[in-house]
Amino acid sequence: MTADATSTTTGEVTVERFLDAPRELVWRAWTEPARFAQWFGTPPFSTPESSVFMDVRPGGEWRATQVSAEDGTQLPFAGHYQEVAEPERLMFSFENPENRGDPNVEVVTLTLRERNGGTEMVMRQQGHLPEEQYRLLYEGYSRFFDRLEEYLGRSR
């Protein structure tokens with residue numbers, strides 16, 4: 001496993017990770033429903049492929065629902081793509097799926113750079129969450145990205 005570099009400041013969190021996989025494969029893991037479903041979520045939660053929708057273009061929508069294997073609890077996620085520059089940069093929002101008009105959205109900027117035969121991934125999330133929530137996001141993203149790394153290792 002590759003260690004994360006992270007920083008948190010008020011209103012944002014940044015996580016950097018080197019992935020031993022080609023940039024195009026990492027891009028597809030973020031933009032293709034079947035691939036995204038393989039790593040988005042951490043036990044006991046998983047993301048059924050049938051719950052993932054991605055219209056990967058500026059203004060396009062994305063949705064996914066994590067489901068707990070323990071009690072069936074569902075965690076819906078939704079947003080819109082703001083920038084799509086394949087295979088280098090992806091910008092999208094996390095919006096309140098229950099209130100899509102809520103102005104308090106989180107914006108994620110994902111940057112993928114080729115480096116030493118792999119991919120340097122930088123993910124930055126900015127928005128309106130309480131500062132403590134951004135500290136907790138680091139732990140969650142670390143587990144997500146561990147699963148992403150495992151998935152990429154199986155997909156090569």
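What follows draws every value from the coordinates through simple rules; no lab data is involved. Predicted, not measured: the structure shown is a model, and the values here were computed from it. Here the Cβ positions follow ideal geometry from the backbone for every residue, glycine too, while neighbour counts run over all protein chains shown.
One table, with the values for the structure above:
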| quantity | calculated |
| --- | --- |
| Shape parameters for the stretch 9-54, alpha-carbon atoms, Rg then Dmax in Å | 13.0, 35 |
| Spin-label pair Asn99/Glu139, simplified geometry with 7 Å Cα→Cβ offset, distance in nm | 2.7 |
| Cα-based radius of gyration of the stretch 5-155 once divided by 2.2 N^0.38 Å, which approximates compact folds | 0.99 |
| Cα shape, the stretch 72-156, gyration tensor, a/c 1.5 rule | prolate |
| Furthest towards positive pole of dipole, Met123, Leu112, Gln82, structure part the chain, Cβ charges | Leu112 |
| Inter-part distance where the stretch 7-68 and the stretch 77-156 are each reduced to a Cα centre, Å | 7 |
| Local electrostatic count at Gly118 - Lys and Arg +1, Asp and Glu -1, tallied over other residues with Cβ under 9 Å | -1 |
